[in-house]
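The structure under discussion appears below in the form of structure tokens.
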Amino acid sequence: MRILQLIDSLEIGGAERMAVNYANALQRRIAVSALCVTRKEGDLKALIDPEVQYLYLERMRTLDILAVLRLKRFIQKHRIEIVQAHGSSIFIGVLVKIMTPGLKLIWHDHYGKSEFLAARKATGLKLMWSYIDGIFAVNEKLKNWSIERLKVKKTFYIKNFIAEALPFDADFKISGAKGKRMVCVANLRPQKNHHLLLDAFKLVLEQDTAYTLHLFGSVPDSLYAKSLIERIEAEPFSKSVFYHGTYLKMSAILPHFDIGVLSSVSEGLPLALLEYGQAGIPVITTDVGQCRAVLGDFGKLVPANNSAAFVQAILESRLEKTHIQESAKKLRDRILLEYGEQAVIQEVVSKYVEII
């Protein structure tokens with residue numbers, strides 16, 4: 001089997017990390033595993049297995065015929081059978097499929113706003129659907145949407161998975177009292193609703209000043225990100241909030257923290273949630289996307305856009321230390337069993353066979 005992962009960038013993000021995870025995991029299991037980045041390289045390039053066949057297209061415009069031709073030559077050279085196009089790379093995936101007889105194309109849908117699918121535009125995708133041989137969706141809502149709107153029969157819900165945890169980084173230094181260090185791994189985008197998290201954190205500090213909040217994620221050039229950074233600097237609680245930027249090896253440092261939080265208004269299946277579980281730390285998250293299915297009974301779910309519920313969940317965790325630690329251990333076992341590389345890739349390979 002010869003599979004190519006297609007992604008537009010290698011900046012730190014969920015879809016980008018999954019493209020790398022797929023390329024690395026498949027490299028150990030199939031004849032050829034390849035990865036092509038169309039527009040922009042980034043930090044995640046450092047995580048690509050050296051044995052993965054790699055191509056950077058340097059695509060400069062939407063319709064870049066020279067880039068498509070370079071991709072076609074790469075596909076022919078490595079005799080690629082399936083292109084798995086992640087997110088917005090589906091457009092160039094369709095173009096190269098049109099030019100390459102016999103090539104199969106899978107669209108991997110990582111759409112994060114699964115709570116707002118009624119507003120999702122499908123016009124462009126409908127124009128391409130006849131060229132798509134299969135769809136992988138990161139949650140059940142996206143799967144059902146693709147079946148109903150795009151009419152692609154071979155549409156499957158495929159769980160995101162995490163790579164094996166890196167060795168614990170004992171030298172990583174963090175501020176804050178042990179037991180009260182909260183961490184949020186989420187790029188600074190409106191969907192992640194950091195402002196609600198800050199609202200809740202402010203109220204938590206009124207009850208217990210020992211808590212600290214540690215934020216990891218990229219800062220896109222947007223009004224939302226700017227407003228968030230300005231707020232953190234201006235608020236009285238600024239000394240208790242730490243923005244660490246992006247960090248490539250989160251699995252090595254997450255065990256340092258005591259509570260993993262997500263305050264999103266919408267999600268697909270967030271990798272941060274899987275990473276919290278893998279690290280064995282208690283989790284508090286909004287009840288969006290596939291979060292409920294991931295947590296089961298082993299974490300705290302709160303309604304989206306409800307800072308009071310978030311505050312209550314955080315403060316209750318102080319009184320339930322034994323229970324939440326037991327839940328965190330059970331969640332870790334669940335993540336490793338159901339969202340680990342081995343289990344998910346085995347299912348994915350069976351879907352490749354079905355699509356071929």
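Quick notes on this structure:
- Number of residues in the range 1-45 that are in contact with a Gly (Cβ under 6 Å, 6 or more places away or on another chain) and either of a type in the set (A, V, I, L, M) or assigned to a helix (DSSP H, G or I) (or both) equals 3.
- Qualifying residue in the range 61-77 (condition: touching a residue at least 40 places away in the same chain (Cβ under 8 Å), closer than 28 Å to residue 340 by Cβ and over 22 Å from the mean Cα position of the chain (by Cα)): no
- Screening 264, 227, 240 for residues that are of a type in the set (S, T, N, Q) and modelled with pLDDT under 95 leaves exactly one candidate, 227.
- Yes/no for residue 67 being loosely packed, with under 13 Cβ neighbours inside 10 Å and outside any strand (DSSP E or B): no
- When residues of the range 1-19 are limited to those that are among the aliphatic types (A, V, I, L, M) and more than 14 Å from the chain's Cα centre (by Cα), the one surrounded by the fewest Cβ atoms within 10 Å (Cβ to Cβ): 1
- The single condition from (1) open to solvent by less than 30 Å² (accessible area, probe 1.4 Å); (2) within 24 Å of residue 20 (Cβ to Cβ); (3) in contact (Cβ under 8 Å) with a residue 24 or more places away in the chain that residue 249 fails is (1).
- Residue in the range 216-229 that is in contact with a strand residue (DSSP E or B) (Cβ under 9 Å, 6 or more places away or on another chain), under 23 Å from residue 10 (Cα atoms), free of Cβ contacts under 8 Å to residues at least 60 places away in the same chain and open to solvent by 10 Å² or more (accessible area, probe 1.4 Å) present: yes
- Among (1) β-branched (Val, Ile, Thr); (2) modelled with pLDDT of 95 or more; (3) buried (at least 17 other Cβ atoms within 10 Å of the Cβ) - the single one residue 30 does not satisfy: (3)
- Within the range 141-151, the residues that satisfy the criterion of being touching a helix residue (DSSP H, G or I) at 6+ places or on another chain (Cβ under 6 Å) and either open to solvent by less than 10 Å² (accessible area, probe 1.4 Å) or closer than 18 Å to residue 338 by Cβ (or both) are 142, 150.
- If you filter the range 91-140 down to residues that are open to solvent by less than 60 Å² (accessible area, probe 1.4 Å), among the aliphatic types (A, V, I, L, M) and in a helix (DSSP H, G or I), you find that the one that is farthest from residue 6 (Cα to Cα) is 117.
- Just one residue in the set 313, 293, 328, 309 is open to solvent by 10 Å² or more (accessible area, probe 1.4 Å), over 19 Å from the mean Cα position of the chain (by Cα), small (Gly, Ala, Ser) and at negative phi; that residue is 309.
- Residue match in the range 158-176 (condition: touching a helix residue (DSSP H, G or I) at 6+ places or on another chain (Cβ under 8 Å), buried (at least 17 other Cβ atoms within 10 Å of the Cβ) and within 21 Å of residue 94 (Cβ to Cβ)): yes
The values are calculated or read from the model by the stated rules, or taken from the named source; none is laboratory data. Note that this is a predicted model, so its numbers are computed, not measured. Quick reminder, even Gly has a Cβ in these numbers, built from the backbone with ideal geometry, and neighbours come from all protein chains shown. Protein only, heavy atoms only, side chains kept; ligands, DNA and RNA dropped before computing areas. Shrake-Rupley method; radii C 1.70, N 1.55, O 1.52, S 1.80 Å.
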